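Here the structure is laid out as structure tokens; the discussion comes afterwards.
The values are calculated or read from the model by the stated rules, or taken from the named source; none is laboratory data. These numbers come from a predicted model, not from an experiment. Here the Cβ positions follow ideal geometry from the backbone for every residue, glycine too, while neighbour counts run over all protein chains shown. Ligands, DNA and RNA are excluded from the accessible area calculation, which covers all protein heavy atoms including side chains. Shrake-Rupley method; radii C 1.70, N 1.55, O 1.52, S 1.80 Å.
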Amino acid sequence: MRWLLALLLGAGLGLMAGVANTAVGTDPGPFMVALDVVTDTVAVWGLVAVLGGWLVARMPQAALGGVVTLLGALAAWTLWTAAETGEPLSLDLFGTEARAWILLGVVVAPLLGMLGAVGRSNSLIGLCARAAAPIAIVVEILWRHEASAENFALDPVVAWTAVLMVLSGVLMTAIAFVGSRSSAPH
């Protein structure tokens, strides 16, 4: 059951990314633009792989849990994109940059899955593992989307989505720290 949940978690992300990508290209409403910003964030895909490893729970299998989760996301995105564009399923759906990300994902996914399994521990290492993905979200958003008056005036949906993602990352990191303190032996 945990494997199925990991696969479905990834497929959900891939489907949301595919829907957002195609919707922004045809009718860029504010919800789809915000969803596109979220699903276009590398750290969000990494977080999903970490959650896949956390779901599988056991260390040797958690590495594969990260891979299964990301491959589920890629498969759902690919199927949606092929259906929307009418193109046959082939590597031609992926540009050079996407192929590089796929290769990197397959190499890094096992590590992210193991990070998820380690995150179940109440140790200091477990705390660092739980905080790693939310911190990565904050860092990526701050790096990619500068919060300036110009950005808020130019595209307020993207700017506010970035602000909410930073706040979410900070909140998830705080929860990781508070959760570890409340479960520590007194």
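Observations on the model:
- For Gly25, the conditions (1) in contact (Cβ under 8 Å) with a residue 12 or more places away in the chain; (2) open to solvent by less than 80 Å² (accessible area, probe 1.4 Å); (3) closer than 25 Å to Glu87 by Cα all hold with the exception of (1).
- Taken as a whole, the structure leaves Ala49 outside the set of residues that are of a type in the set (A, V, I, L, M) and under 17 Å from Ala162 (Cα atoms).
- Conditions (1) modelled with pLDDT of 90 or more; (2) over 18 Å from Leu79 (Cα atoms); number of the one not met by Gly14: (2)
- Elements of the type helices (runs of 4 or more DSSP H) sitting completely within segment 82-186 and holding at least 1 residues that are polar (S, T, N, Q) and at pLDDT 75 or above: these cover 96-118, 156-182.
- Leading residue by the ranking (nearest to the chain's Cα centre (by Cα)) among those in segment 45-59 that are surrounded by fewer than 21 Cβ atoms within 10 Å (Cβ to Cβ) and either closer than 15 Å to Val108 by Cα or among the hydrophobic types (A, V, I, L, M, F, W, C) (or both): Ala57
- Hits in segment 60-71 - residues which are open to solvent by 20 Å² or more (accessible area, probe 1.4 Å) and of a type in the set (Val, Ile, Thr): Val67, Val68
- Residue that is surrounded by the fewest Cβ atoms within 10 Å (Cβ to Cβ) [pool: residues in segment 124-171 that are more than 16 Å from the chain's Cα centre (by Cα) and under 18 Å from Ala62 (Cα atoms)]: Ile125
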